[in-house]
Structures are given as C-alpha cells and as structure tokens.
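**Q** So that we are looking at the same thing, I have put the structure below in structure tokens.
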Amino acid sequence: MAPETRGAFQEMRDSFDTPRLPAPPAWRGSGPAANGVAWAQAAFYVPGGIWPILSLRSFEAVTGPKVDGWLVKTVGGLLAVAGAAIGSAAAKRRVTPEIALLGAGCAATLAAIDIVYVAKRRIPPVYLFDAAAEIALVAAWMASHRDTEAQR
C-alpha cells in the first residue's frame, strides 16, 4: 500500500469506537490431577474405541451380540477420537476446562446409557463394569477441578 493510502486507512480504522475487552488470564497449564485423569481416560477410550472397529466379532464375544454393527463402529470411532483429543491435551499439559468438559461429559453420558439400558434389559449386565469405570472418570474429573480451583 502507498504510504498515503495506509495513513487514510489507519485514520478510518482509528475513528471507529471499538470496545476494548480485557485480556483473558494467562493459561498456567493443567495441574497434575487433571493431566492424570486425561491420560487415564485416553488410555481407556482409544483402545476401547478402536476395538470394535478392528474386530467386531471379539467385541461382541465380550459385550454380547449387536443389531447394528455400523453403529457400534461409529460410537467406537467417536470414542477413539475423543480419547485421542484428551490424550493430546494431556501430552501438552493443556487440559483446559473445555477438555475436562469433553472428558466428564463423555463419561457421564456413557454411564447413564449403560445403566438405563441394562435396567431395560436391552444390553447385558457386563456393561455395568463400563458404567463403574465411567462414573470413576466423572468423579476423577470433579476431584481434579477441585484441586485446580484450590491452587488458584
């Protein structure tokens, strides 16, 4: 840009009354508790999500027969991706509140589904073991949040 054009543009831009928002607080990295929960969930979700994709037959041998294999594989893929995202955040020590929400939200959703559909006899009771693991993850995320808040 020519200097005179740049100057006119700068004047025009400066004439707008733009609100100045305060800078967000600096991210101090995730605490050891949140990182530990994130690593544990990633270690649980990635292989567990990939398993039905690689071998639906062995997955069904443990969890019971499924009507829609494509749906089992879809959920598995979504869990593997969520686990990979959570694990990536842990590796970078960037377990933000949004990552914690993803982890706790996935775990709470899966626990609720497991419990409701075992009670309805739609899925076998073996899913209650998964529900217990998911509830433990939710509790761990809650505890790590308390630890993070106590440090601030």
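What follows is calculated from the coordinates using simple rules that are stated; it is not laboratory data. Everything numeric here is computed off the predicted structure, so don't read it as measured data. Virtual Cβ from ideal backbone geometry, glycine too; neighbours counted across all protein chains shown.
**Q** How large is the translational diffusion coefficient of the stretch 31-151 in µm² per second when you combine the Kirkwood radius over alpha carbon pairs with Stokes-Einstein at 25 °C and 0.890 mPa s?
**A** Working: Rh = 14.8 Å.
Reported coefficient: 166 µm²/s.
**Q** What are the ³J(HN,Hα) values, in whole Hz, obtained from phi via the Karplus relation 6.51 cos²θ - 1.76 cosθ + 1.60 with θ = phi - 60°, for each residue of the stretch 118-131 in sequence order, with x given for Gly and Pro?
**A** Per-residue couplings from phi come out as 5, 4, 7, 6, 8, 10, x, x, 4, 5, 5, 5, 5, 4 Hz.
**Q** While we're here: Mind checking the dipole of the stretch 31-151: about its Cα centre, +1 per Lys or Arg Cβ, -1 per Asp or Glu Cβ, Debye to the nearest 20?
**A** 200 debye
**Q** Quote the FRET efficiency, to the nearest 0.05, computed for Arg94 versus Trp70 with a Förster distance R0 of 35 Å and r equal to the Cβ-Cβ distance.
**A** It comes to 0.55.
**Q** While we're here: From the phi of every residue in the stretch 41-46, what ³J(HN,Hα) in whole Hz does the Karplus formula 6.51 cos²θ - 1.76 cosθ + 1.60 yield, where θ is phi - 60° and glycine or proline is x?
**A** Result, ordered by residue: 5, 4, 5, 7, 7, 5 Hz.
**Q** Would you mind ranking Trp141, Trp70, Trp39 so that the residue whose beta carbon has the fewest other beta carbons within 10 Å leads the list?
**A** Trp70, Trp39, Trp141
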